[in-house]
Structure formats: structure tokens, C-alpha cells
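Here the structure is laid out as C-alpha cells; the discussion comes afterwards.
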């Protein structure tokens, strides 16, 4: 039995697909184990449907988790709806905390750059694309051909 190049190519593509399937399932499994280790009472969590709160308790037998959304409000959800553990965002020095703050910083930096470039540029510098000439323009005289009558 001979194999043509098309059959060999199809087998290679099939092998690559199977490789990625096993790789993705292994990665998903390790992510679930990491999440399972992080889910402890007192952790800030987010559910699949976007509910944020503090995990109060987990019942592994009935698969129920109690989440406190605000002081005194406890919501019972299925344990598998816990999507991730929310870690506090650490804002470094000079990093914006919102889009508005980032835009204000960008505008301030742009104004500083304009002031710096204006201070360094010459007053009589030509604009971009403008030709520099030292003598006044003279009209161009073209030779005309006399037509004999």
C-alpha cells in the first residue's frame, strides 16, 4: 500500500490536532486544581455570572457555596459557579487608576513635549515639506520657437 502526499499531510494534521487537544485538557486541569487550592473561606471571589463577594463557607457534600455580597447579604450558589479568586490590584507609582486619569496624564505629557519642541525649534524654521531658498524667485523664461510664415 502506497501513501500519497495528501494522505500523509492529513495524518500529520490529525496528529497535531490530537496533540493540542491533550495539551489544552492538561492545562485546563492544572488551572482547575490551582483554583481549587485558592478557594478558601474568606477569599474574594467572582462567579460565572459576575457576582462578586467574600466566600463564607463551602459544603463539598451538597456542592453549595455561601457568598457574602455585602454585609449581612449571603447568597447560596453552586460550588462550580465560582469562576476565579479576585486578587487586589496593586497600583504602582505613576500608574493610572482609571481611563480618565490615563487620558489626563497623556494630555499633560503631550503638552510638555510641545512646549519642549517649541523651545528648541527655530522661529524661522521651514514647515514640513517647505523648500528653503536664499534668493528670491525669478520668473522662468522659456524659449519660444518662431514660426516662419
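Of the residues in the stretch 1-50, how many are touching a residue at least 12 places away in the same chain (Cβ under 8 Å) and on the phi > 0 side of the Ramachandran plot? Spell out how you get there, then give the answer.
Keep residues of the stretch 1-50 that are touching a residue at least 12 places away in the same chain (Cβ under 8 Å), which gives 35, 38-49.
Then keep just the ones that are on the phi > 0 side of the Ramachandran plot; that gives 42.
Final tally of qualifying residues: 1.
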Of the conditions (1) under 29 Å from the mean Cα position of the chain (by Cα); (2) surrounded by fewer than 11 Cβ atoms within 10 Å (Cβ to Cβ); (3) within 30 Å of residue 78 (Cα to Cα), the single one that residue 19 does not satisfy is (3)
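Determine whether the stretch 27-39 contains at least one residue that is touching a helix residue (DSSP H, G or I) at 6+ places or on another chain (Cβ under 9 Å) and modelled with pLDDT under 95. Let's see the steps before the verdict.
Filtering the stretch 27-39 down to residues touching a helix residue (DSSP H, G or I) at 6+ places or on another chain (Cβ under 9 Å) leaves 39.
Those left that are additionally modelled with pLDDT under 95: 39.
Checked the stretch 27-39: at least one residue is touching a helix residue (DSSP H, G or I) at 6+ places or on another chain (Cβ under 9 Å) and modelled with pLDDT under 95.
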Output yes when any residue across the stretch 69-85 is at pLDDT 85 or above and at positive phi, and no when none is.
yes
Residue 59 vs. criteria free of Cβ contacts under 8 Å to residues at least 40 places away in the same chain, surrounded by fewer than 13 Cβ atoms within 10 Å (Cβ to Cβ) and touching a strand residue (DSSP E or B) at 6+ places or on another chain (Cβ under 8 Å)
yes
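The values are calculated or read from the model by the stated rules, or taken from the named source; none is laboratory data. Being a predicted model, the structure only gives us computed values, none of them experimental. Counting neighbours? That spans all protein chains shown, and the Cβs are built from the backbone with ideal geometry, glycine included.
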